[in-house]
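The values are calculated or read from the model by the stated rules, or taken from the named source; none is laboratory data. Everything quoted here is computed from the prediction, not taken from an experiment. Here the Cβ positions follow ideal geometry from the backbone for every residue, glycine too, while neighbour counts run over all protein chains shown. In case anyone asks, the SASA skips ligands and DNA or RNA and just uses the protein heavy atoms, side chains included. Shrake-Rupley method; radii C 1.70, N 1.55, O 1.52, S 1.80 Å.
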Amino acid sequence: MAESEADLMELLRELDDPAWLEWPQHYDRGETAVHFGVLVARLEDGFAACCTVEQDTQDSSEYGRVVVPGDATVCGTRIVVCVSEFGSLALVCADNAGAFLGTDDAQAEGELDGADLAKVNRALVELGYVVVAEELLESDYDVPSRLPSHVQRPSWWDRFLGIF
């Protein structure tokens, strides 16, 4: 979480390889699955709840999602963690991606508790994930990789969590 927006943008540019759109060149699906499983266990333990899990998403650069149920959070809003197949990038959202203008907005509207967010971010960082703000991922993608034609105005979200 200590990375500045400039550092995160530099990381996104470094991870971008036009030859490898869906996953990075040396991607290890088994290692990613184990790492993701540890994250799920940490979140389930931290929130004392069974989380909904989607993983190994086909035709997408998103590996999977973990959903902390709303009844396990202080505000009653579920927390969604999206994990990319690239560089252990992770996104944390209240309710769902795009439901708010980021976690700050969700907190301001009383839909996301700071302690719950800190718990999720701590688990991610301790497991080596890099948390990227939704606002940064929604910024325009301006590098050479050719994204699918169905993407009209590409964003970093499309590049690292999108469907191909």
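Scan segment 137-159 and tell me whether some residue there is open to solvent by 30 Å² or more (accessible area, probe 1.4 Å), out of contact with any helix residue (DSSP H, G or I) (no Cβ under 7 Å at 6 or more places or on another chain) and among the hydrophobic types (A, V, I, L, M, F, W, C).
no
Looking at Arg159, Arg146, Arg153, which is the one that is within 15 Å of Glu22 (Cα to Cα), modelled with pLDDT under 95, in a loop (DSSP other than H, G, I, E, B) and charged (D, E, K, R)?
Going through Arg159, Arg146, Arg153 in turn, the sole match is Arg146.
Which condition from (1) within 17 Å of the chain's Cα centre (by Cα); (2) closer than 15 Å to Ala123 by Cβ; (3) open to solvent by 30 Å² or more (accessible area, probe 1.4 Å) is the one that Thr52 breaks?
That leaves (2) as the condition not met.
When segment 61-98 is examined, which residues are found to be open to solvent by 10 Å² or more (accessible area, probe 1.4 Å), at pLDDT below 95 and over 22 Å from Glu126 (Cβ atoms)?
Once the filter is applied, which keeps residues that are open to solvent by 10 Å² or more (accessible area, probe 1.4 Å), at pLDDT below 95 and over 22 Å from Glu126 (Cβ atoms), segment 61-98 yields Asn96, Ala97, Gly98.
Within segment 18-36, which residues are of a type outside the set (Val, Ile, Thr) and surrounded by 13 or more Cβ atoms within 10 Å (Cβ to Cβ)?
Trp20, Leu21, Glu22, Trp23, Pro24, Tyr27, Ala33, His35, Phe36
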